[in-house]
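Asks: Pasting a structure below so you can have a look.
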Amino acid sequence: MMISQFGSGKGASAYAKVGVESGVMSADPHHLIVMLFDGLETCIRSARSHLLAGNIAGKGEAISRAIDIVNRGLIAALDTEKGGDVAVNLGRIYEYVSLLLLRANLHNDAEALDEAERLIGDISSAWRELGLREKTG
């Protein structure tokens, strides 16, 4: 029976993946960075939830995804040639956030997650504001 194939949630998962991939394919560079911030913030919240629930494996997976987004997404997207000091300083903050995430993982440190989330939240807000300003003029 065909319906049973989707009972495990695989259909919903596949649909979500296609939606994300479609969003990435059609997004402008600014929106791609917004998507990275969204994913990172979601991973940090998930890690905190798993940490508080005592789910060490889930915490580790969420933090690993978060570190991957920072290192392979946000840091990799920096253009120090065009961005100058701003890009260099963002790189330093991203590296610090990556270290905070590592510390949170190694020591089950919720405060490190809080600090990482606060820093990323501040940068994300500024990035979104910049996008709004560019759209409005």
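Asks: Examine segment 79-93 for a residue that is at positive phi, assigned to a helix (DSSP H, G or I) and either of a type outside the set (A, V, I, L, M, F, W, C) or surrounded by fewer than 18 Cβ atoms within 10 Å (Cβ to Cβ) (or both), and state whether such a residue exists. Give the steps one after another, and end with the answer.
Replies: Here is the first cut: in segment 79-93, the ones at positive phi are 84.
Add one more test, that the residue is assigned to a helix (DSSP H, G or I), and what stays is 84.
Next, only the ones that are either of a type outside the set (A, V, I, L, M, F, W, C) or surrounded by fewer than 18 Cβ atoms within 10 Å (Cβ to Cβ) (or both) stay: 84.
Yes, segment 79-93 contains at least one residue that is at positive phi, assigned to a helix (DSSP H, G or I) and either of a type outside the set (A, V, I, L, M, F, W, C) or surrounded by fewer than 18 Cβ atoms within 10 Å (Cβ to Cβ) (or both).
Asks: How do the pairs read when you match residues in segment 79-101 that are of a type in the set (A, V, I, L, M, F, W, C) with residues anywhere that are exposed (fewer than 14 other Cβ atoms within 10 Å of the Cβ), using Cβ under 7 Å and keeping only pairs 6 or more apart or on different chains?
Replies: 87/79; 87/80; 88/80
Asks: Would you check if residue 76 is of a type in the set (Gly, Ala, Ser) and under 19 Å from residue 31 (Cβ atoms)?
Replies: yes
Asks: Right, next: Can you find, within segment 38-54, the residue that is farthest from the chain's Cα centre (by Cα) among those that are closer than 24 Å to residue 127 by Cα and surrounded by 20 or more Cβ atoms within 10 Å (Cβ to Cβ)?
Replies: So, considering only residues that are closer than 24 Å to residue 127 by Cα and surrounded by 20 or more Cβ atoms within 10 Å (Cβ to Cβ), the one farthest from the chain's Cα centre (by Cα) is 47.
Asks: Same structure, new question: Could you list, in sequence order, the residues of segment 94-137 that are assigned to a helix (DSSP H, G or I) and small (Gly, Ala, Ser)?
Replies: 98, 104, 110, 112, 116, 121, 124, 125, 126, 131
Asks: On to the next question. Being modelled with pLDDT of 95 or more, in a helix (DSSP H, G or I), aliphatic (A, V, I, L, M) and loosely packed, with under 13 Cβ neighbours inside 10 Å narrows it down to one residue among 57, 66, 14, 62; which is it? Can you show your working first?
Replies: On the way: 66 fails: loosely packed, with under 13 Cβ neighbours inside 10 Å; 14 fails: modelled with pLDDT of 95 or more; 62 fails: loosely packed, with under 13 Cβ neighbours inside 10 Å.
Answer to the selection: 57.
Asks: Residues in segment 21-35: is at least one β-branched (Val, Ile, Thr), modelled with pLDDT of 95 or more and surrounded by 13 or more Cβ atoms within 10 Å (Cβ to Cβ)?
Replies: Among the residues of segment 21-35, not one is β-branched (Val, Ile, Thr), modelled with pLDDT of 95 or more and surrounded by 13 or more Cβ atoms within 10 Å (Cβ to Cβ), which makes the answer no.
Asks: Would you mention how many residues in segment 102-112 are over 16 Å from the mean Cα position of the chain (by Cα), surrounded by 14 or more Cβ atoms within 10 Å (Cβ to Cβ) and without any contact (Cβ under 8 Å) to a residue 40 or more places away in the chain?
Replies: Residues flagged as over 16 Å from the mean Cα position of the chain (by Cα), surrounded by 14 or more Cβ atoms within 10 Å (Cβ to Cβ) and without any contact (Cβ under 8 Å) to a residue 40 or more places away in the chain within segment 102-112 amount to 2.
Asks: So, residue 116, is that one closer than 17 Å to residue 52 by Cα and surrounded by 16 or more Cβ atoms within 10 Å (Cβ to Cβ) or not?
Replies: Answer is yes for this residue.
The values are calculated or read from the model by the stated rules, or taken from the named source; none is laboratory data. For clarity, every value in this text was computed on a predicted model and none was experimentally measured. Virtual Cβ from ideal backbone geometry, glycine too; neighbours counted across all protein chains shown.
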